[in-house]
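Read through the structure below, which is laid out as structure tokens, and then see the notes.
No lab work stands behind these numbers, since they all come straight from the coordinates. Everything numeric here is computed off the predicted structure, so don't read it as measured data. Ideal geometry is used to build each Cβ from the backbone, glycine not excepted, and the neighbour counts take in all protein chains shown.
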Amino acid sequence: MEEELPLFYGESGKPVRATLSSLKMLDVGKWPIFSLCSEEELQLVRQACVFGSAGNEVLYTTVNDEVFVLGTNCCGCLGLGDVQSTIEPRRLDSLSGKKIACLSYGSGPHVVLATTEGEVFTWGHNAYSQLGNGTTNHGLVPCHISTNLSNKQVTEVACGSYHSLVLTSDGEVFAWGYNNSGQIGSGSTANQPIPRRVTGCLQNKVVVNIACGQMCSMAVVDTGEVFVWGYNGNGQLGLGSGGNQPTPCRIAALQGIRVQRVACGYAHTLVLTDEGQVYAWGANSYGQLGTGNKSNQSYPTPIVVEKDRSKIGNHCSESYCHDFFSTILLPHGVAFPPSAAAVSHARAPPLPFRVALGAPVKPKGRKINLFLLPVHRVYLVCVCEPRIIEIAACHSAHTSAAKTQGGHVYMWGQCRGQSVTLPHLTHFSCTDDVFACFATPAVTWRLLSVEPDDHLTVAESLKREFDNPNTADLKFLVDGKYIYAHKVLLKIRCEHFRSSLDDSEDEIVEMSEFSYPVYRAFLEYLYTDSISLSPEEAVGLLDLATFYRENRLKKLCQQTIKQGICEENAIALLSAAVKYDAQDLEEFCFRFCINHLTVVTQTSGFAEMDHDLLKNFISKASRVGAFKN
């Protein structure tokens, strides 16, 4: 009788850390233009955008919400009221005091900016009406754009070379400017002098993300579909043809794939799916698609980001394992047959083995490399394709970048005069650094957010005090271990503690309903707003969050569980989602099961599935056509 093996799913190594905030702290001094600023001035920078044909213009905000600019000031793109260049920062009075939410720039350059209140301001080059003010005169000072936007709150902006897009809070897209290839989406090629809503196929859609290439436009809707329009000479629309598209058109090749984000380079496109997969298409003369060659692609092509082989020895290093891997535990003396996949390990087990759950299945469009790692009497098999959580590109460059869940940053495409045709692992910690150091010109692909590092914020101070016995006035005894906390903070942060600790003088609280890792993660969340658990333990935390009615914590748990889903644990996670009424997670797990139905139905989890849940699963699967030939 074969020994029953414990199952381990999700990340190998450190647990997943999930947080709802994705703003990155970084050093703006890596962009050459900032060498014109003093150290004291750099310390005050809180937001920054480097732009221009040579990366020679910059706009930044300070801790006091003042806005400064410096650079060559081509076409008045600094917004100072003149076209004089400056090597010293000058304050942009008309925007000082306003909080900037997002910013984008064109090739002229022109600048489009949205405030946190949803207002839009534009200035700079305007030969093609890309400022949206109804004229073709260059804008020397920021102009508030309100035509057709007066009752709208703009949440995102994007610029092509000479056209502009904005996204409103209700999911509508407005466009204006140069339209020689249909990039405005109006159905014609006449330039658009004022904001015009993009309709057609987007008429009844809710758009959640926009991007612009040099002369094309992209939009992701809330269902995960991608709509494209504009210039298509290099296949950058992903429609399988080279003809321009004057109105929004859905990318049919991405049918069944839920896209979360889109990013556009000069003439290439990247998208990121909800399963952490990257697809690319369009121009590839610098290898910016990451396909290993320089051939253009007119259809979405999956991009494989693999770990550097030099990082793998006789065991998985800590930094290597920090990325997300799907894993399987096999007994001593087992191996996948060489014909199934390329297996590489210096101490691979010597005996042949039949995989109990069937032959390994290669997911569509994903390349798998297996590495056998000794773990006492079992071997850990890592499917070594890290999950991507961020993609980066900008219309002024032929460079692409991506960041994995484990914090590793890759780049490909144009790199200081060279062509990198496959994703290359960098030493950076954020994608912004790729464009500062490798892109030509050295610009920013988004508005940078910079945090000070010379003092602790309130949030950072609270994080330090979690589980600190020297300052705590309350101890939780869980599974024989103490967790130290502070009554006042717990009462401020959690309604449950607000009532249970009221007038209580107890210094020790015994907890038996939840495990130590789960309860510790819950208390740590109250101090940090983040969780650090494996996907399996996050299910237990989801139970706690449901019991305590902590809705935000439930959202974080669902996010962590989504990141840890694989064929082996999909049914278990689906069951947990149904049990705890996590509808978004339930739908995600169901779609994952349908997309990997052959493998999922061969797992022990499916065989042991609750009868009612199985009945509902089969019924729902049949309704979506899962059993059609």
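For segment 214-300, what Kirkwood radius comes out of the mean inverse Cα-Cα distance, in Å?
Result for segment 214-300 stands at 12.5 Å.
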Legend entry - Rg in Å to one decimal, and Dmax rounded to a whole Å, for segment 572-620 via C-alpha atoms: 10.0, 26
Legend entry - 5 Å binning of all Cα-Cα separations within segment 416-571, expressed as whole percents from 0 upward: 1, 7, 13, 15, 14, 12, 10, 9, 7, 5, 3, 2, 1, 0
Inset, instruction - Please list, in chain and number order, the residues 5+ apart from Ser298 or on another chain whose amide H is under 5 Å from its amide H, with Hs placed from the backbone. - result: Gly282
Legend entry - Charge dipole magnitude, Cβ of K and R +1, D and E -1 - segment 524-582, Cα centre, debye nearest 20: 280
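How high is the FRET efficiency from Lys481 to Asn551, r the C-beta distance, R0 35 Å, rounded to 0.05?
Result of the calculation: an efficiency of 0.80.
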Inset, instruction - Bin all alpha-carbon pair distances of segment 86-171 at 10 Å intervals from 0 and give each bin's fraction as a whole percent. - result: 18, 52, 27, 2, 0
Inset, instruction - Quote to one decimal, in nm, the extra length available between Ser146 and Ser512 on full extension: 0.36 nm per residue of separation minus the C-alpha distance between them. - result: 125.9 nm
Inset, instruction - With a 10 Å radius around each residue's Cβ, average the other Cβ atoms per peptide and rank 201-208, 483-490, highest first. - result: 483-490, 201-208
Inset, instruction - Compute the length gained on full extension between Thr457 and Glu306: take 0.36 nm times their separation in residues and subtract their Cα-Cα distance, giving the result in nm to one decimal. - result: 50.7 nm
Inset, instruction - Read phi for every residue in segment 485-494 and hand back ³J(HN,Hα) as whole Hz from Karplus 6.51 cos²θ - 1.76 cosθ + 1.60, θ = phi - 60°, with x for Gly and Pro. - result: 8, 10, 3, 5, 5, 4, 5, 5, 8, 9
Inset, instruction - Give the Rg (one decimal place) followed by the Dmax (whole number) of segment 385-442, computed from C-alpha coordinates and expressed in Å. - result: 10.4, 30
Inset, instruction - Sort all Cα-Cα distances of segment 389-493 into consecutive 10 angstrom bins from zero, then give the percent of pairs in each bin up to the one containing the longest distance. - result: 13, 30, 17, 17, 16, 8, 0
Inset, instruction - Could you tell me whether segment 19-114 comes out rounded, prolate or oblate from its Cα gyration tensor? Rule is a ≥ b ≥ c as square roots of the eigenvalues, rounded for a/c under 1.5, then prolate if a/b exceeds b/c, otherwise oblate. - result: rounded
Legend entry - Two-site FRET efficiency, Leu614 against Ser499, from Cβ-Cβ distance with R₀ of 45 Å, rounded to 0.05: 0.70
Inset, instruction - Mind running the shape call on segment 64-119? Use the C-alpha gyration tensor, a ≥ b ≥ c as the square roots of the eigenvalues: rounded below 1.5 for a/c, prolate if a/b tops b/c, oblate otherwise. - result: oblate
